[in-house]
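J.: Following this message is one structure expressed as structure tokens.
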Amino acid sequence: MSAITSIADLQKLAEKKSRENQAYSKIVTLCAGTGCCASGCLPVLASLRDELEAQGLAQKIKIRTTGCHGFCEQGPLMVIEPGNTFYRWIKVEDVPEIVCETLGQDKIIERLEYIDPASGKKVSCETDIPFYKAQDRSILGQNKVIDPCDINDYIANGGYSALVKVLTSMKPDGIIEEIKESGLRGRGGGGFPTGRKWEYCRAAEGSPKYVICNADEGDPGAYMDRSVLEGNPHAVIEGMLIGAFAIGAEHGYIYVRNEYPLAVKHSKIALVQAEELGLLGKNILGTDFSFDIKVARGGGAFVCGESSALMVSLEGKVGEPRPKDIHTTEKGFMDLPTNLNNVETWANVPSIINRGAAWFASKGTDKSKGTKIFALTGQIKNTGLIEVDMGITLREIIYDIGGGPFNGKKIKAVQTGGPSGGCLPEERFDLPVDFEALTEAGSMVGSGGMVVMDESACMVDVAKYFLNFLLDESCGKCVPCRVGLSRMLEIITDITEGNGTEEKLGLLKDTAETVSLASLCALGKTAPNPVLSTIRYFQAEYEAHIKENRCPAGVCRDLIHYSINEDNCNGCGACLKACPHDAISGEKKEVHRIDDDNCQKCGICKEACKFEAIIVS
């Protein structure tokens, strides 16, 4: 590839790629993100290529492998253009029919169509699927039209035009002012104004300066940053280039979890391609601006998502936070001025430069602008990655996009913000999703995790689960976090085992508030959120555990009892066969019994019984 030295070169390359795409009669976009790879998309891809070759269609039909489309539970999935035909749960054996019927004759294969769980109707067009219709996919939508391993695809869709714009017609102060006016705030959890951070780093003394992309995404069930970096690494790179030019930085790093091999691979390929085109390295686009980026792999420590711990880790030391009396914009990596933003924040920058601050600021609320990507999981019909305007309500996300409860049970709560977030009850679902509203309610936007729970969840047990995770991931450097989380876990474990008291509940709350106030870093300061929010909104469940030795949800094993309802039991023997502990006895067609001494309260018998004869009390 020849180096690009002007905007004319970039336009020529974009036009060339567009002409190549127009030469195909159809384009098959196959999701090859981590989720779809796990579901078997690679054998489907190989079969599709072989079948097109066998049918003599390889020169007429283009296969584009892309990053995540968001609707991960439907994978492997593909979209066929023109027509916007959406197929899901594709298997290798479906490929010959897809090539023959849909690609060859424009016929829809009904069994591969999406079925809306709310209406039961089949939907053939991707844009008509309710999961997608209610979203604003400014960033995620780019994944579908870009092969992450082909820089030309990115350029054909306007890629690197924002970089050309800033290098040819904008000053660093003007770029920072544009980002400030857009209202972009950090998407990694803190929500700090991005333009102000850039301004601080530009004004800081010291050289060289660094910009870093934080792709150390450690929240359980969260994969927003991974999917953006896998599917559109050039948007992140272009954002970092623009930020570096504005700040005056010479070097950059993408700090990505080693557990994200596809993100690491695609990032490295993208960096090599950008260097070959002269978009990275020395004298970019013939200017005096030089900038390089390296990929650094993290070791998987949750605490390394914290800014100062990440930079210490990048230096080759143990990743532990340090006091924030001096900000990393002044003394960060190698004690030099360093600007850290997460993947989603960097990916927003090119669009803001191209479309203008007003475009971005028109989305969202007064203080929380733009869109935000969330990992929507839990007890709902539709799960996956979603991108929505800030300010949308939790209810709209859960019911309009998520489709509501999948098993008919009432939704009880939603936990936002990852393991350090809070649990909000159904009566707070009309809250707007923005930084201030969720924080005031006892939760947070965080990096974007969102777990929906129905009435089968015990909120005391949920708080215990997140405390276990956070205690394991705490670096242990400061006493409030190291000791406080251990004491909190001991108290809440006592409550779930029937050894709780009202005095212990008060001590739990006091300890949580102390940990929140006195901890060194954000992990410790936010770790009490699951406990404090569940006490605030679900205190009745705590009191049932303490005063009645009862778990209302039937989750805490020490507080529940399994028995068989004689009126419902017909002696079918399903529970007896399923029990792995020999705790059930009874003759065929006679009422069965559960032996309390042998019962391990695993719930397998309840799942096996079709007549609702198993009672949990």
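J.: Name the pairs: first residue in the range 394-421 and under 19 Å from Ser443 (Cβ atoms) and outside the structural domain of Tyr537 (by TED's automatic domain parsing), second residue outside any helix (DSSP H, G or I) and hydroxyl-bearing (Ser, Thr, Tyr), Cβ to Cβ under 6 Å, at least 6 apart or on different chains?
T.: The qualifying pairs are Thr416/Ser443; Gly417/Ser443; Gly418/Ser447; Gly421/Ser443.
J.: I've got another one for you. Exactly one of these conditions fails for Pro172: (1) in contact with a Phe, Trp or Tyr (Cβ under 8 Å, 6 or more places away or on another chain); (2) surrounded by fewer than 22 Cβ atoms within 10 Å (Cβ to Cβ); (3) closer than 25 Å to Gly418 by Cβ. Give me its number.
T.: For Pro172, the exception is condition (3).
J.: Looking at the range 1-47, which of the residues that are surrounded by fewer than 16 Cβ atoms within 10 Å (Cβ to Cβ), part of a loop (DSSP other than H, G, I, E, B) and touching a helix residue (DSSP H, G or I) at 6+ places or on another chain (Cβ under 6 Å) is modelled with the highest pLDDT?
T.: Thr5
J.: Determine whether the range 337-349 contains at least one residue that is part of a helix (DSSP H, G or I), on the phi < 0 side of the Ramachandran plot, touching a Phe, Trp or Tyr at 6+ places or on another chain (Cβ under 8 Å) and not small (Gly, Ala, Ser).
T.: yes
To keep it simple, each residue is scored yes or no on (1) assigned by TED's automatic domain parsing to the domain that holds Ile212; (2) assigned to a helix (DSSP H, G or I); (3) buried (at least 18 other Cβ atoms within 10 Å of the Cβ).
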{"site": "Asp288", "(1), (2), (3)": "yes, no, no"}
{"site": "Asp292", "(1), (2), (3)": "yes, no, no"}
{"site": "Val303", "(1), (2), (3)": "yes, yes, yes"}
{"site": "Ala309", "(1), (2), (3)": "yes, yes, yes"}
{"site": "Val312", "(1), (2), (3)": "yes, yes, yes"}
{"site": "Val318", "(1), (2), (3)": "yes, no, no"}
{"site": "Pro321", "(1), (2), (3)": "yes, no, yes"}
{"site": "Glu330", "(1), (2), (3)": "yes, no, no"}
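J.: Here's a follow-up. For residues that are more than 17 Å from the chain's Cα centre (by Cα) and outside any loop (DSSP other than H, G, I, E, B), scanning just the range 136-152, find the one that is farthest from Val349 (Cα to Cα).
T.: Asn152
J.: Still on this structure, I have one more. Just for the range 490-508: of the residues that are within 11 Å of Asp461 (Cα to Cα) and among the hydrophobic types (A, V, I, L, M, F, W, C), which one is surrounded by the fewest Cβ atoms within 10 Å (Cβ to Cβ)?
T.: So, considering only residues that are within 11 Å of Asp461 (Cα to Cα) and among the hydrophobic types (A, V, I, L, M, F, W, C), the one surrounded by the fewest Cβ atoms within 10 Å (Cβ to Cβ) is Ile495.
J.: What residue, of Ala156, Ala134, is modelled with pLDDT under 95 and farther than 30 Å from Ala244 by Cβ?
T.: Only one candidate passes the filter, namely Ala134.
J.: Let me ask something additional. Give the range 106-135 a look and list any residue that's under 20 Å from Asp400 (Cα atoms), among the charged types (D, E, K, R) and part of a helix (DSSP H, G or I), or say none.
T.: The answer is Glu126, Asp128, Lys133.
J.: Residues that are in contact with an Asp or Glu (Cβ under 7 Å, 6 or more places away or on another chain) and in contact (Cβ under 8 Å) with a residue 60 or more places away in the chain: find the helices (runs of 4 or more DSSP H) completely inside the range 164-255 holding 3 or more of those.
T.: By residue number, 224-231.
J.: While we're here: Have a look at Lys294, Lys331 and point out the one that is over 16 Å from Phe245 (Cβ atoms), among the basic types (Lys, Arg), modelled with pLDDT of 90 or more and in contact with a Ser or Thr (Cβ under 9 Å, 6 or more places away or on another chain).
T.: Lys331 is the lone residue from the list that is over 16 Å from Phe245 (Cβ atoms), among the basic types (Lys, Arg), modelled with pLDDT of 90 or more and in contact with a Ser or Thr (Cβ under 9 Å, 6 or more places away or on another chain).
J.: Out of the residues in the range 360-405 that are in a helix (DSSP H, G or I) and touching a Ser or Thr at 6+ places or on another chain (Cβ under 8 Å), state the one that is surrounded by the fewest Cβ atoms within 10 Å (Cβ to Cβ).
T.: Out of the qualifying residues, it is Ala361.
The values are calculated or read from the model by the stated rules, or taken from the named source; none is laboratory data. Not measured: the values here are computed from a predicted model. Here Cβ is always computed from backbone atoms with ideal geometry, including for glycine, and neighbour counts include all displayed protein chains.
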